[in-house]
Every structure is written in structure tokens, then in C-alpha cells.
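Structure record follows, encoded as C-alpha cells.
The values are calculated or read from the model by the stated rules, or taken from the named source; none is laboratory data. Everything numeric in this text was worked out from a predicted model, so none of it was measured. Keep in mind that these areas ignore ligands, DNA and RNA; they rest on the heavy atoms of the full protein, side chains included. Shrake-Rupley method; radii C 1.70, N 1.55, O 1.52, S 1.80 Å.
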Amino acid sequence: MPRLALYALVVCVLSVAAAVVAFAQGSLLGIVWVLLAGLSSNMTWYYARRAKALRQRDAAASANR
């Protein structure tokens, strides 16, 4: 998994934990943490898929040589 995808995954996990803590304390700030978790989840998916597509493209290019 690429480094950016791992960083985004870490941010996602930490923001989910922060959202749980915020909601447990009765704070509506947890909504912001949930939104951040969604954004970082999409970033993780994007960077992982992008790296997979680049690997497949490089493999196809080397096979055609």
C-alpha cells in the first residue's frame, strides 16, 4: 500500500476514535470528526486504487516489450 494511502488510513482511524470520544462526551463536534473520517476514507481508497492501476499499467507495458 502506498505511503499516502497509509497516512490517510491512519487519519481515518484516528478521526473515528475522536468522533466516538466526542459523541460519548455529548459533544456535537463529533460531526466534524465523522466528516473528516469520510474524507480520509475516500483518500485512502483513491490512493490505493491509483497505485494498483499504475502497477497494472506498468506490468502491461513491460509485457508488450
To the nearest Å², the heavy-atom accessible area per residue of the stretch 2-64 with 1.4 Å probe amounts to 74
Test of understanding: what is the full-extension gain from V32 to R65, defined as 0.36 nm times their sequence separation minus their Cα-Cα distance?
6.9 nm
Added length on full extension, which subtracts the Cα-Cα distance from 0.36 nm per residue, R55 to N42:
2.7 nm
To the nearest 10 degrees, how steep is helix 30-63 against the longest Cα principal axis of the chain, on a 0 to 90 scale?
10
Normalise the Debye intensity by I(0) for the chain, one equal point scatterer per Cα, no solvent, then take log10 at q = 0.12, 0.20, 0.27 Å⁻¹ and round to two decimals.
-0.42, -0.73, -0.98
In the stretch 2-64, carbon and sulfur make up what percent of the accessible area (probe 1.4 Å)?
70
